[in-house]
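Single-structure report; data block below.
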Amino acid sequence: MSNLVLETENLEKVYTIGRRKINALSDVNLRVNKGDFVAIMGPSGSGKTTLLNLLGCLDRPTNGKVILDDIDVTRVPEKALWKFRKHKIGFIFQTFNLLPYLSAIENVELPMEGTKKSKSEKRKRAHELLEIVGLSARKEHKPPRLSAGEQQRVAIARALANNPTILLADEPTGNLDMKTSFEIVRLLSKLNLTQGTTIVMVTHDSNVASRAGRILFLSDGKLLNREKKGMHLLKGDLTCPHCHKPIQPDHTFCPRCGKKIE
Amino acid sequence: MGVLTRAVRNVSRRKMRTFLVIIALSLSMAIMISIPAGIMANQKAAQSIIENYNNTITSMQEEINKTSTLIEISASSRRGMFFGTPSGMPFPGFGQEEAFINATVVDEISTIEGVKDIVPFLEVSSEETTEDTMSTPRGSFTISRPVYTITGVCLKSTLIDNYSILPTNVIDGRNLIEGDSGVIGISLNLSDYYSVYVGDKLKVYGETFKVVGIYNSTARTVYMNITDAQRITNNIGNVTRLDVYAQGISYVNSIADVIEAAYPELYVTTYEDRLANLERTQAMYETTLENAESTISQTQAVAFQEILIAIVATSLIVLFMMLYTVRERTKEIGILKAIGFSNWNVMIQFILEGILLSAMAGGVGALIGIVGAPVISSLLLPSVNPFSAQQPGFPRQNINFGTALSQSVTVTPDLQTLLLAFGVFLLLGALGSLYPAWRAARTSPMEALRYE
């Protein structure tokens, strides 16, 4: 059984502005396996967001294929793409993009609308996700009353709502200070390690990228033929929620305090 | 978190805009329920007038048929026209001095061949006058006229039993009978005017009379023994009208001819004259009704245009409001689509918001309409009551079209109109938001997310 969840073949995106043609992406071949935490680095204008939009079914490529869970989404009609966005993809934005008039828990419930889950199941799932991102105490707060880091945590919980195949994060720390950025990346790492969530994150920040398992480089719309291994989880990144001592990802009980780790 | 809850939150978080839109839409709703209510009230009034007219004509016809042997003789022209003409007056004595016939004429007429009975009447206006406002097609004006009319009747039982010379619709007390003196029967209207009831006393021409009966009539009249009437009005030996009954219909014309030849100053009216009068009256009222129907048709045409304007205005208000909302919330649409909302989900969201706004405005508009329908319909329709101009009345039969016509028309929207208008309003809300919702649905999520 293939471990591949996302693959691109000769992906190309050309924007036409008047008579000018701009190659935003050309010949991008990317393979993401289940459980990967991939960071795509590159300077501004290198095509990072364009790539993520194509992977997230928000845009159509000019040429090439995007194969998600063995389905070539570039051949799926526009009006049916919402199913992939809803069930296969979780999107995290730089600017969080929460609905300001909904509470944190309502924002997390939003992608579950139209699914077969009952009202109580949706609420329960949203509560669980907010607990995972450490925001269960602030679930009734609306985004304007949450800090930037808290808003991004809510956005991460929302992205996980329908248990997607892959999480796509577009500069998730771009609007955050250094300390909060680290917390968010640590949260993503934790999700990758503990929940097995496959993550593709684009960033221009090397410190943030270094926390991923694989680091790819994009320059002028082309994926460079070099890949770095990231540090992934640093020592002490995973801590026991009870005694805050370091733990390993496979621990179900804390070796220090002996309490169960959820 | 359902789509309805989100719609409610979105509508309520822009309070001032929602308030202004609701006010604008509710006025449309108020117009949509007030105008049909006004039209229906007009139609009801028209129906009532037509029924009243038909009843009047029928009763006049019956009376004419019953009194085929009656020859009316009066000292002034108006008595002969008592069925009403455009120049007829609602009260005897109004704008005209009474003219009298000497009682000796009675003896002379009784000798004419074929005369069976002669019933004398004395009809005199009260001394007391009152100010009344009359509405006419040319406007309202105030006139001074007698408070009531006195009708002196010859109270012989042979006459009372055989001819309808006294009012028949006594509602309290009794009618006048032979031998009555110092007593009167008064109309209900007069009873209400003076607050005088059976057993009470009323001063007429300085003399006190006891009220023995009250009969139903919208006119203000007093019936008494003719002798009493002649005495108190200082008209001993005078009458104002004679009802001459022939032994058979074949005598009517010959009697009328003799009287006209002998007394050219008197006005003689026979069955044929009354029939001609009735036909004239019918023709006049048919013209009036035709005019009224024409007014109603014009009113309905105006109403149709106004309702159409209200419908178009409602649709446009919803359309532009929702277009603005969609533009304003482009980024939100992008977010919803990025997290997996289908085009249909997005469309439903905006259509529901349009319907919700319409429903709120519809509720407010219904309240405004229920309370303000009379004012709104009178402002927007050419005339709520096309019959408001008073028409001449018919004192003899106690039928006063003027009263019936001037009755205020109650303009109240019924439940059916309210529900129908509310349904139309919701539909307009949905239709008005259809295009904006469609635009929202086909927005590219990537472009929408870039929108600031």
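The values are calculated or read from the model by the stated rules, or taken from the named source; none is laboratory data. Model, not experiment: these values are computed from the prediction. Cβ coordinates were reconstructed from backbone atoms using ideal geometry, including for glycine residues, and neighbour counts include every protein chain displayed. Quick note on the areas: whole protein, heavy atoms, side chains included, nothing else; ligands and nucleic acids left out. Shrake-Rupley method; radii C 1.70, N 1.55, O 1.52, S 1.80 Å.
Values computed for the structure shown
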read-out: Within the accessible area of the protein assembly as shown (1.4 Å probe), percent carbon and sulfur; value: 53 percent
read-out: Size of electric dipole in the protein assembly as shown: Cβ of Lys, Arg +1 and of Asp, Glu -1, about Cα centre, debye, nearest 20; value: 8100 debye
read-out: Relative contact order (%) - region B:155-214, alpha-carbon pairs under 8 angstrom, separation at least six; value: 36 percent
read-out: Surface per residue (accessible, 1.4 Å probe) for region A:1-118, Å²; value: 45 Å²
read-out: Gained length - residue B:107 relative to residue B:375, 0.36 nm times residue gap less alpha-carbon distance; value: 90.3 nm
read-out: Cα gyration tensor shape of region B:166-308, rounded if a/c is under 1.5, else prolate or oblate by comparing a/b with b/c; value: oblate
read-out: Paramagnetic reach from residue B:24 (point 7 Å along Cα→Cβ, amide N under 12 Å) across region B:304-327; value: B:313-325
read-out: Residues with amide H under 5 Å from that of residue B:117, placed H, sequence gap 5 or more; value: B:245
read-out: List B:190, B:431, ordered by accessible area with a 1.4 Å probe, largest first; value: B:431, B:190
read-out: Positive-pole candidate from A:175, A:204, A:114, dipole of chain A, charges at beta carbon; value: A:114
read-out: Low-density loop cleavage sites - GluC sites (Glu not before Pro) in region B:183-289, where at most 16 other Cβ are within 10 Å (DSSP); value: B:265
read-out: Fraction of antiparallel bridges per DSSP, chain A only, in percent to nearest 5; value: 55 percent
read-out: Projected label distance in nm at residue A:3 and residue B:231, using a 7 Å step from Cα toward the beta-carbon; value: 13.3 nm
read-out: Per residue accessible area of chain B, 1.4 Å probe, in Å²; value: 46 Å²
read-out: Pair residue B:200, residue B:313: separation of 7 Å Cα→Cβ label points (nm); value: 5.1 nm
read-out: Semi-axis lengths, Å, the protein assembly as shown, gyration tensor of Cα atoms, sqrt of 5 times eigenvalues; value: 101, 25, 17
read-out: Interface residues in region B:315-343 - accessible area drops by 50 Å² or more relative to the isolated chain, probe 1.4 Å; value: B:335, B:338, B:339, B:340, B:341
read-out: Dipole axis of the protein assembly as shown (+1 Lys, Arg; -1 Asp, Glu on Cβ), positive-most option in B:345, B:195, B:361; value: B:345
read-out: Size of charge dipole - region B:195-239 - debye, nearest 20, with Cβ of Lys, Arg +1 and Asp, Glu -1, no other charges; value: 60 debye
read-out: Length gained when the stretch residue B:144-residue B:17 is fully extended (0.36 nm per residue, less Cα-Cα span); value: 40.0 nm
read-out: Radius of gyration and Dmax over the Cα atoms of chain A, both given in Å; value: 18.6, 67
read-out: Cβ-based net charge around residue B:163, under 9 Å, with every Lys or Arg adding one and every Asp or Glu removing one; value: -3
read-out: Residue A:205 versus residue B:249: modelled label distance in nm, points set 7 Å from Cα along the beta carbon direction; value: 11.5 nm
read-out: Total charge dipole magnitude, region A:52-127, about the Cα centre, Cβ charges on Lys, Arg, Asp, Glu only, Debye to nearest 20; value: 300 debye
read-out: List of region A:45-85 residues, accessible area with partners at least 30 Å² below that of the chain alone (1.4 Å probe); value: A:58, A:82, A:85
read-out: Average projection area in nm² (convex hull over Cα atoms of region A:12-99, one quarter of hull surface); value: 7.4 nm²
read-out: Accessible area buried, both sides summed, chains B and A with 1.4 Å probe, Å²; value: 2100 Å²
